[in-house]
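Every number in this text was worked out from the coordinates using simple rules, so none of it is lab data. Everything numeric here is computed off the predicted structure, so don't read it as measured data. Glycine also receives a Cβ, built like all others from the backbone with ideal geometry; neighbour counts cover every protein chain displayed.
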Amino acid sequence: MSAPTVLLTGAGGVVGQSLLREPADVRLIAAARGPIDAGRAVRTVHCDLTRDRFGLDAGTYRALAAEVDVVIHSAGLTEWGLPAERYEPVNIEGTRRVAEFAETAGAAVHFMSTAFVAALLPGAAAPLPDTNITAPYVRSKLTAEQLLAKSGVPHTVFRPTNLIGDSRTGWTSRGQVVQLLSDWMCRGRAPFILAHPGNRTDIVPQDLLSKAVLRAIEQGVDEGEFWVTYGPEAMDMETTLAVCAEHAASLGRTLPQVPVVHPDSERGRDLSGLTPLARSYLSVLRDVSEVTMASGGVLPTSLPELRARFGLPDVRDTDAYLRTLRYASAPPEGN
């Protein structure tokens, strides 16, 4: 039986680049709007999910659909804090077009969502305020999930928490919010940390997500919801700060002990006396803690199932986090 041909949307993004580095018995076609590092893809298709037929002419679209067996849909606008309408063209309408393509191709879709949709599902621990920086993004992902469910196309939903670097090397194609906040903390710039009691710092290495998706394709899985999180295994905030202190010590720095402050306390609410950067980062920490609390404080997880079913390695999040910090602080190659 020949390896399935997989169309990977969002091939230039963090998830897409990780997938293009991960060995698997699949034939990858990388779909992206502009030039990318295509890794082990057999070729690149330049297309635009915000346009009908991905912006391709009818013949090219039909030929692509005839070739593709599976779609990994990882394209999306992931930046937080934008107006809701900014997410619609790619996250929602782009997903609708992917579902239409998959129906034409007779292909299953593997959709990259977010674990923070737990804050919007029935039974959520607390309502997610509209003022939360993640809210418009998370709602767009949940809407996309619902659109896929209504389409009738065979599909899975993968719900990762915030991604960090590769579990083995710390590599990532682009630093994200975790790396920015961590660098700030590891430089001793944080006057305090905002976190709700009982919340876990749930971050997951990007290659665990890539492995799970590719193993699902290899096994012919075309249904199910998978929470790519550490759940109750995830670090608490004190452990997170201890890892930061260990990393700082390796760079010759001694981090001062900083208190963990309740976001709803007087000190947590009033950030006016701090520097603009501290206000910005602490506001992000407050909102991440808020969406985590709304999700139950400890995110739902499928990690035990993913290990057993798809052979995911048993990686400690603290080890992967430390490797990510070390990779981010290492001098560029050639220097």
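Numbers below:
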{"read-out": "Angstrom value of the Kirkwood radius, inverse mean 1/r, which spans all Cα pairs in the range 267-335", "value": "15.9 Å"}
{"read-out": "Of all DSSP beta bridges in the chain, antiparallel share, percent nearest 5", "value": "5 percent"}
{"read-out": "Where labels lie 7 Å past Cα in the beta-carbon direction, separation of T318 and V258 in nm", "value": "2.0 nm"}
{"read-out": "Taking all pairs of distinct alpha-carbon atoms in the range 1-137, Kirkwood radius in angstrom", "value": "16.0 Å"}
{"read-out": "In nm, spacing of pseudo-spin labels at R86 and E233 (7 Å Cα→C-beta vector)", "value": "3.5 nm"}
{"read-out": "Full-extension gain in nm, L180 to R21, via 0.36 nm per residue minus C-alpha separation", "value": "54.9 nm"}
{"read-out": "For a label point 7 Å along the Cα-to-beta-carbon line of S265, residues of the range 223-243 with backbone N under 19 Å", "value": "236-242"}
{"read-out": "Centroid-to-centroid separation of the range 310-326 and the range 165-234 [C-alpha atoms, Å]", "value": "9 Å"}
{"read-out": "Share of Cα-Cα pairs in the chain lying beyond 24 Å, as whole percent", "value": "55 percent"}
{"read-out": "Distance in nm between pseudo-label sites at R96 and R279 (7 Å out along the Cβ direction from Cα)", "value": "3.9 nm"}
{"read-out": "Helical mean residue ellipticity (222 nm; -39500 (n - 2.57) per DSSP H run of 4+; nearest 500) of the chain", "value": "-12000 deg cm²/dmol"}
{"read-out": "Principal-axis tilt of helix 276-294 within the chain, Cα atoms, nearest 10 degrees", "value": "70 degrees"}
{"read-out": "Per-bin percent of Cα-Cα distances, the range 207-320 [5 Å]", "value": "2, 9, 14, 16, 16, 15, 12, 8, 5, 3, 0, 0"}
{"read-out": "Nearest-ten-degree value, helix 177-186 long axis tilted from longest Cα axis of the chain", "value": "20 degrees"}
{"read-out": "Tilt relative to the chain, helix 317-329 - C-alpha long axis, 0 to 90 degrees, to 10", "value": "90 degrees"}
{"read-out": "Stokes-Einstein D for the range 142-253, Kirkwood Rh over Cα pairs, 10 °C, 1.306 mPa s (µm²/s)", "value": "97 µm²/s"}
